[in-house]
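The values are calculated or read from the model by the stated rules, or taken from the named source; none is laboratory data. The shown structure was predicted, so the numbers you read here are calculated from the model rather than taken from an experiment. Note: ideal-geometry Cβ built from the backbone for every residue, glycine included; neighbour counts use all protein chains shown.
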Amino acid sequence: MIPVFIFYLHVVAAVYVFTRRWQEEGYAEAFLAVGFMALVFFVGWSVATFIMKLFVGQAGFGKFFDRDAMSLTLLTAIEVGLYYLYFFGRKRKKRLTRA
């Protein structure tokens, strides 16, 4: 159940980023942003799975929080920080320079 929720969060985030970038900068930037998110997701999932294999067995902490769910949770936590800096950090810099 946890992986389904995490996949759903990624789909919602991709739609949000696409719509926001499309309105601000056009279609090309919107597709690039979603492509960047997909690239980070697929590469990050592989790396997170590799890290979890080193520390946790296949069973994990039970039926609903196995190693795959743990790797997706780790990936999502890292992505939140990365996407915040990438997508919202530029606006923060603009606000600081205007004042």
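Figures for the structure shown
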read-out: Residue in region 27-34 that is closer than 23 Å to residue 1 by Cβ and either of a type in the set (A, V, I, L, M, F, W, C) or not in a helix (DSSP H, G or I) (or both) present; value: no
read-out: Subset of region 1-40 [under 18 Å from residue 79 (Cα atoms), among the β-branched types (Val, Ile, Thr) and in contact with a helix residue (DSSP H, G or I) (Cβ under 8 Å, 6 or more places away or on another chain)]; value: 2, 6, 17, 34, 40
read-out: Top-ranked residue of region 2-34 - restricted to ones that are within 12 Å of residue 70 (Cα to Cα) and either of a type in the set (A, V, I, L, M) or in contact with a Cys (Cβ under 7 Å, 6 or more places away or on another chain) (or both), ranked as modelled with the highest pLDDT; value: 6
read-out: Condition check for residue 47: of a type in the set (Val, Ile, Thr), more than 12 Å from the chain's Cα centre (by Cα), part of a helix (DSSP H, G or I) and closer than 26 Å to residue 15 by Cβ; value: yes
read-out: Top-ranked residue in region 11-25 [being surrounded by 11 or more Cβ atoms within 10 Å (Cβ to Cβ) and farther than 13 Å from residue 86 by Cβ; ranked as nearest to the chain's Cα centre (by Cα)]; value: 14
read-out: Residue check, residue 79 modelled with pLDDT of 90 or more, charged (D, E, K, R) and under 11 Å from the mean Cα position of the chain (by Cα); value: yes
read-out: Tally of residues being modelled with pLDDT of 85 or more, among the hydrophobic types (A, V, I, L, M, F, W, C) and surrounded by 12 or more Cβ atoms within 10 Å (Cβ to Cβ) across region 45-72; value: 8
read-out: Subset of region 35-44 that is surrounded by 17 or more Cβ atoms within 10 Å (Cβ to Cβ) and hydrophobic (A, V, I, L, M, F, W, C) - its residue that is nearest to residue 69 (Cα to Cα); value: 41
